[in-house]
Amino acid sequence: MPKRSYVDEICELVGWRPGDFVPGTDWATVERELGTPLPGDYKELLTRFPSGGFRGVISFSNPAESVEACANVKNENADLLEIFGDEDLEYLRGVPYRLFPEPGGIYPWGTNGAGGSFWWVPGSADPDEWAVAYNDRDRWHEEHSGPMTKVLLELLVSTGEDNILGWDMAGKPVDFDGHWADRYVSYPG
């Protein structure tokens with residue numbers, strides 16, 4: 001029996017079935033438009049899930065939903081990179097990170113809805129080896145070795161504060177809420 005991926009486990013936890021979503025843009029186009037290769041687990045996750053969020057604490061936009069969604073993600077990421085690159089705001093003061101498109105520059109992939117951002121840390125030419133960094137507006141937290149789907153899975157199974165956010169997850173439903181095309185749709189978990 002083939003080994004189950006983190007994405008398979010995430011789908012099972014939130015009751016997501018194959019075919020509940022079909023991307024409108026291929027990944028080669030997305031990577032070309034964003035100007036970066038992307039980790040395989042991210043592409044696997046967003047081949048199955050539309051834009052949305054897990055457990056009400058982590059959200060992402062899916063650039064493979066459509067050509068328009070890809071352009072929106074590219075613009076949102078450019079805006080976030082510009083904010084983090086503003087030296088007056090000192091987001092990168094005291095940390096070893098530089099920003100995309102510099103070689104090895106961190107690249108955003110999600111938010112927590114409370115001003116925090118999730119980033120890939122390209123420590124290797126292979127995107128499948130990228131670590132995950134998290135910033136909560138005030139500080140950078142300990143880097144997670146990744147992959148990003150393992151971070152998501154850990155958030156879904158966390159029943160306390162033992163997660164990348166350090167938030168108490170007890171009482172938060174284990175679910176996925178999706179939204180796309182300027183409408184919000186809730187999927188039962």
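The values are calculated or read from the model by the stated rules, or taken from the named source; none is laboratory data. Predicted, not measured: the structure shown is a model, and the values here were computed from it. Using ideal geometry, Cβ is built from the backbone for each residue, glycine included, and neighbour counts are taken over all protein chains shown. When the accessible area is computed, the model is the full protein with side chains, heavy atoms only, and any ligands, DNA or RNA have been set aside. Shrake-Rupley method; radii C 1.70, N 1.55, O 1.52, S 1.80 Å.
Of everything listed in (1) open to solvent by 50 Å² or more (accessible area, probe 1.4 Å); (2) in contact with a Lys or Arg (Cβ under 9 Å, 6 or more places away or on another chain); (3) under 28 Å from LEU156 (Cα atoms), the single unmet condition for PRO37 is (2). Do we find a residue being in contact with a Gly (Cβ under 9 Å, 6 or more places away or on another chain), part of a strand (DSSP E or B) and touching a residue at least 60 places away in the same chain (Cβ under 8 Å) anywhere in region 138-158? No, every residue in region 138-158 fails to be in contact with a Gly (Cβ under 9 Å, 6 or more places away or on another chain), part of a strand (DSSP E or B) and touching a residue at least 60 places away in the same chain (Cβ under 8 Å).
Results for (1) closer than 23 Å to ASP79 by Cβ; (2) surrounded by fewer than 20 Cβ atoms within 10 Å (Cβ to Cβ); (3) touching a strand residue (DSSP E or B) at 6+ places or on another chain (Cβ under 9 Å), shown as yes or no for each residue.
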residue: ALA114; (1), (2), (3): yes, yes, no
residue: TRP120; (1), (2), (3): yes, no, yes
residue: GLY123; (1), (2), (3): no, yes, yes
residue: TRP130; (1), (2), (3): yes, no, yes
residue: SER145; (1), (2), (3): no, yes, yes
residue: LEU152; (1), (2), (3): no, no, yes
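Restricting region 1-22 to residues that are surrounded by 16 or more Cβ atoms within 10 Å (Cβ to Cβ) and touching a Lys or Arg at 6+ places or on another chain (Cβ under 9 Å) leaves a set whose member that is nearest to ASN75 (Cα to Cα) is PHE21. Among the residues in region 80-102, are any open to solvent by less than 40 Å² (accessible area, probe 1.4 Å), in contact (Cβ under 8 Å) with a residue 60 or more places away in the chain and not β-branched (Val, Ile, Thr)? So far as region 80-102 goes, no, none of its residues is open to solvent by less than 40 Å² (accessible area, probe 1.4 Å), in contact (Cβ under 8 Å) with a residue 60 or more places away in the chain and not β-branched (Val, Ile, Thr). The set of residues from region 100-113 being touching a Leu at 6+ places or on another chain (Cβ under 9 Å) and either over 14 Å from LEU34 (Cα atoms) or modelled with pLDDT under 95 (or both) comprises PRO101, GLY110, THR111, ASN112.
Return yes when LYS172 is open to solvent by 30 Å² or more (accessible area, probe 1.4 Å), in contact with a Phe, Trp or Tyr (Cβ under 6 Å, 6 or more places away or on another chain) and over 20 Å from PRO63 (Cβ atoms) and no when it is not.
Numbers: open to solvent by 30 Å² or more (accessible area, probe 1.4 Å): yes; in contact with a Phe, Trp or Tyr (Cβ under 6 Å, 6 or more places away or on another chain): no; over 20 Å from PRO63 (Cβ atoms): yes.
Answer is no for this residue.
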